[in-house]
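Beneath this line is the structure, given in structure tokens, with notes to follow.
What follows draws every value from the coordinates through simple rules; no lab data is involved. What you see is a predicted model; the values in this text were computed from it and never measured. So basically every Cβ, Gly included, is an ideal-geometry build from the backbone, and we count neighbours across all protein chains shown.
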Amino acid sequence: MIVARTREGLGQGLADLHGRGSVGFVPTMGNLHDGHLSLVDLALDEADVVVVSIFVNPLQFAPSEDLEAYPRTEERDLALLEERRVDLTFLPSVDSMYPDGEPVVTVDPGPLENALCGPYRPGHFRGVLTVVARFFGLLRPDLAVFGRKDYQQLVLVRRMVRDLELGVRVVEGPVVREADGLAMSSRNAYLSEEERSQAPAIYEALEEARRRVEAGERSAVELLRGVHARIGREARMRVQYAEIVNGESLRPVERAGEGTVAAVAAFCGSTRLIDNAELV
Ligand code: AMP
């Protein structure tokens, strides 16, 4: 596996891999878990050459967020990717990613920023789209893989690719979960034992909503009442938002139906967790 830490190293690595066929790209912030690795496996299935990036992108963290504390486990990550037979891992420093400082021209997420996590994380999606666009420019991948775990991010990346004609095929991977249903996340490491035992309530609440839809309940108000009630049973948890939205526009719907998604953000202690489920 080629390991590149600079733009020059990346250019050299890509040149070495040139001619081997289609390039699949998996962007990550590292601290890899089975969720990330499932995306790597998808890329290995779908592309001839697989490039993974590990970059904790300061642009997508608000000053109050966990940029400094974000878990960094480079050696272990590289070993996992090597084992998977990834072709190239790109781990740029902030300076090599942004040699001219913060980009002046950035990608505006438009009205999709007003949905779900957007209002609670000002600037986050602009930072995500800007770094993804920059990676696409540096790597020119044929396809890129994103997880449904970060549903709004997936929708926004799809929309950016479409609206800006970036010519990258976006492949999505399903949410990978722990045995008790908790969606895998690097941030799960922040949970105390007590919090960890309560955190699966988000998944259970979403599952219950899905089952109720299957049984005929369609009222968003009614379904969300159930979601709040289930998570509200846990002493360490507090719902930030629970919404049922159209899966593309991310606008709230009154009735769950084809293509609607239930999405939740909840604090478990001081750790913010997100999850979502397709309802039909
Ligand atoms: P991150 O390192 O958190 O930026 O995530 C990198 C990619 O992995 C994103 O496309 C995420 O949506 C995806 N991802 C993170 N956690 C999971 C999970 N539990 N299941 C599937 N994909 C995930």
Inter-residue pairs, beta-carbon under 7 Å, first touching a residue at least 40 places away in the same chain (Cβ under 8 Å) and under 11 Å from Gly173 (Cβ atoms) and in segment 140-155, second near the ligand (Cβ under 6 Å from one of its atoms) and hydrophobic (A, V, I, L, M, F, W, C), 6+ apart
Val145/Leu39; Gly147/Leu39; Gly147/Val175; Arg148/Val175; Lys149/Val175; Lys149/Ala183
In segment 189-216, what residues are within 13 Å of the ligand (Cβ to nearest atom) and either more than 22 Å from Val239 (Cβ to Cβ) or surrounded by fewer than 18 Cβ atoms within 10 Å (Cβ to Cβ) (or both)?
Ala189
Out of the residues in segment 161-181 that are surrounded by 11 or more Cβ atoms within 10 Å (Cβ to Cβ) and small (Gly, Ala, Ser), state the one that is farthest from the ligand (Cβ to nearest atom).
Gly181
Does at least one position in segment 137-146 carry a residue that is more than 18 Å from Val245 (Cβ to Cβ), in contact with a strand residue (DSSP E or B) (Cβ under 7 Å, 6 or more places away or on another chain), crowded, with 23+ Cβ neighbours inside 10 Å and of a type in the set (Gly, Ala, Ser)?
yes
Please verify whether Glu102 is over 25 Å from Tyr151 (Cβ atoms) and more than 20 Å from the chain's Cα centre (by Cα), treating the condition exactly as stated.
yes
Pro252 versus (1) in contact with a helix residue (DSSP H, G or I) (Cβ under 9 Å, 6 or more places away or on another chain); (2) surrounded by 15 or more Cβ atoms within 10 Å (Cβ to Cβ): which is the lone unmet condition?
(2)
Of the conditions (1) in contact with a helix residue (DSSP H, G or I) (Cβ under 6 Å, 6 or more places away or on another chain); (2) assigned to a loop (DSSP other than H, G, I, E, B), the single one that Asn276 does not satisfy is (2)
Which of the following residues is farther than 28 Å from Ala43 by Cβ, among the small types (Gly, Ala, Ser) and part of a loop (DSSP other than H, G, I, E, B): Gly226, Gly257, Gly181?
Gly257
So Ala144 clears everything in (1) in contact with a Leu (Cβ under 8 Å, 6 or more places away or on another chain); (2) in a strand (DSSP E or B) except one condition, right? Which one?
(1)
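Going through segment 227-246 one residue at a time, which ones are small (Gly, Ala, Ser) and crowded, with 17+ Cβ neighbours inside 10 Å? Outline the logic, then answer.
Taking segment 227-246 and keeping what is small (Gly, Ala, Ser), we get 229, 232, 235, 242.
Within segment 227-246, just Ala242 meets the criteria.
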Within segment 1-53, tally of residues that are within 15 Å of the ligand (Cβ to nearest atom), of a type in the set (A, V, I, L, M) and in a strand (DSSP E or B)
4
